[in-house]
Amino acid sequence: MELSDSERRAWLTLSATPHVGPVTFHNLIARFGSAAAALDALPRLAQRGGGKRFAPPDPSAAARELEALAKLGGRMIASCESAYPHGLAALDAPPPLLSVLGHPHLLKKEMVAIVGARNASALARKFADALSRELGFAGLAVVSGLARGIDAAAHEAALAVGTVAVVAGGVDIVYPPENEKLHAAIRARGVIVSEMRLGEAPQARHFPRRNRIISGLARGVVVVEAAEKSGSLITAQYALEQGREIFAVPGSPLDPRARGANRLIREGATLTESAADILAVLSPMLGGDFGEPHTGFPSRPTDGTGTDMEAEADRIRAAVEEALGPAPVAIDDLIRQLGAPAGAVLTVILEMELAGRCVRQPGNRVSWA
């Protein structure tokens, strides 16, 4: 489906609503059939979940943001639309909306992510440059996070053949400041992508979300240099969870910047000494499409009432609240433990989320807020 202007504004308003993350967003769309209908139902759902008062964001703010993005030459793509990257659409709870600056047709290319240390060594930067060029000439777009070091080297080398920069703030925000020229060059010759709103400065909590998009876009993730507990290893972990291939460049055991990549190799990542090592793994996959977009939407909208389900949710609400605690619990385990209909348990959790009383955690788990 392609969204109308009014529904796109409703999608943006719903995605900007407090307590509505990607999972909750898609649950609401599946339940009510449209973002506009979901917005109408939010105050009632939040009240049922124990919230005292609920006010969605001002819809006019969405209109202003879409207009501002258009003036920059950008656009906002919804996860249900054909222009949305297939790799991301196939994820469990994809980002509902992506802001895009530059050339969105590049998002339809097959991609490889190249990530690594911000304080990368000169040799590692040189290797990332060569790797990016060779993969680009083989027909792959190179995706990275527009950070210092390895990210910047990979983007610069792939400008001529196609590069995708995923940023942790708004697409109009240059970060880090020294990458201002690179940001402008990618905007002119590549594409810049973010799920954050225009004008939003990067914050620490945004970077894992950015890393999830990097790995989700790519067929495989190449880690060139990475210390233990680095952001690059978070990207590799997302890639593993998403079923992507993981590649790692070996380094000296005396260099702390190589320990993360070396550990990935010990754990089964493909040891990478050239682009040929990556292409040998990915080539068998490159002949077919990555997969049809999947959003988890129902084949036809529901009536939006859910009267029977809400009655069942009221019956089990106290049991769900008692079963939750500060430690995250898997929703599947919660359903089995309570012996209740899955739809009713999910309804209670959704209502409590909207009321700000519980939060979703990684791994389809939930805990008290």
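The values are calculated or read from the model by the stated rules, or taken from the named source; none is laboratory data. Here the structure is a predicted model, which means the values were calculated and not measured. Every residue, glycine among them, receives a Cβ derived from its backbone with ideal geometry; neighbour counts consider all protein chains shown. Areas reflect the complete protein model, heavy atoms only, side chains present, ligands, DNA and RNA absent. Shrake-Rupley method; radii C 1.70, N 1.55, O 1.52, S 1.80 Å.
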TODO: Kindly report the accessible area of the range 1-73 per residue (heavy atoms of protein chains, probe 1.4 Å, no ligands, DNA or RNA), in Å².
DONE: 49
TODO: Express the relative contact order of the chain as a whole percentage, based on alpha carbon pairs under 8 Å and six or more residues apart in sequence.
DONE: 19
Open item on the list: Taking a ≥ b ≥ c as the square roots of the Cα gyration tensor eigenvalues, with a/c under 1.5 meaning rounded and otherwise prolate when a/b beats b/c, else oblate, which class fits the range 17-113?
Closed with: oblate
Task: Net charge contributed by nearby residues that have their C-beta within less than 13 Å of residue 208 (K/R +1, D/E -1) - done: +3
Open item on the list: At 222 nm, what value in deg cm²/dmol follows for the chain if DSSP H runs of at least 4 each add -39500 (n - 2.57) and the sum is divided by all its residues, to the nearest 500?
Closed with: -13500 deg cm²/dmol
Open item on the list: Considering only protein heavy atoms and a probe of 1.4 Å, how much of the accessible area of the range 84-136 is carbon and sulfur, as a whole percent?
Closed with: 56
Open item on the list: Need one value: the accessible area of residue 347 in square angstrom, 1.4 angstrom probe, rounded to the nearest 10.
Closed with: 10
- [ ] Treat every Asp and Glu Cβ in the chain as -1 and every Lys and Arg Cβ as +1, leave all other atoms uncharged, and give the resulting dipole magnitude about the Cα centre to the nearest 20 debye.
- [x] 720
Open item on the list: So if each residue of separation counts as 0.36 nm, and I subtract the Cα-Cα distance between residue 83 and residue 175, what length gain in nm does that give?
Closed with: 30.5 nm
TODO: Determine the relative contact order of the range 308-368: mean sequence separation of Cα pairs under 8 Å and six or more apart, normalised by residue count, in whole percent.
DONE: 44
TODO: Report residue 125's accessible area, 1.4 Å probe, all protein chains in place, as a number in Å² to the nearest 10.
DONE: 90
Task: Å² of accessible area per residue within the range 94-157, as computed with a 1.4 Å probe and no ligands counted - done: 33
Task: Centroid-to-centroid separation of the range 81-135 and the range 218-280 [C-alpha atoms, Å] - done: 15
Open item on the list: How much of the DSSP bridge set in the chain is antiparallel, in percent, rounded to the nearest 5?
Closed with: 40
TODO: Under 27 Å Cα to Cα from residue 108, which lysines show up? Leave out anything in the same chain fewer than 8 places away.
DONE: 71, 181
Task: Counted charge near residue 5, where neighbours are those whose Cβ lies closer than 15 Å (Asp, Glu -1; Lys, Arg +1) - done: -1
Open item on the list: List the trypsin sites (Lys or Arg not before Pro) within the range 39-89 that DSSP assigns to loop and that have no more than 11 neighbouring Cβ atoms inside 10 Å.
Closed with: 52, 53
TODO: Return, ordered by residue number, the residues of the range 107-132 whose backbone nitrogen is under 14 Å from a label point located 7 Å along Cα→Cβ of residue 255.
DONE: 116-130
TODO: For the range 146-248, with all protein chains present and a 1.4 Å probe, just round the carbon and sulfur fraction of the accessible area to a whole percent.
DONE: 51
Open item on the list: Can you give me the accessible area per residue for the range 170-250, using a 1.4 Å probe, in Å²?
Closed with: 41
Task: Check: the range 110-179 dipole with +1 on Lys, Arg Cβ and -1 on Asp, Glu Cβ, in debye - done: 220
TODO: Evaluate the distance, in nm, between pseudo-label points positioned 7 Å from the Cα of residue 123 and of residue 277 along their respective Cα→Cβ axes.
DONE: 1.3
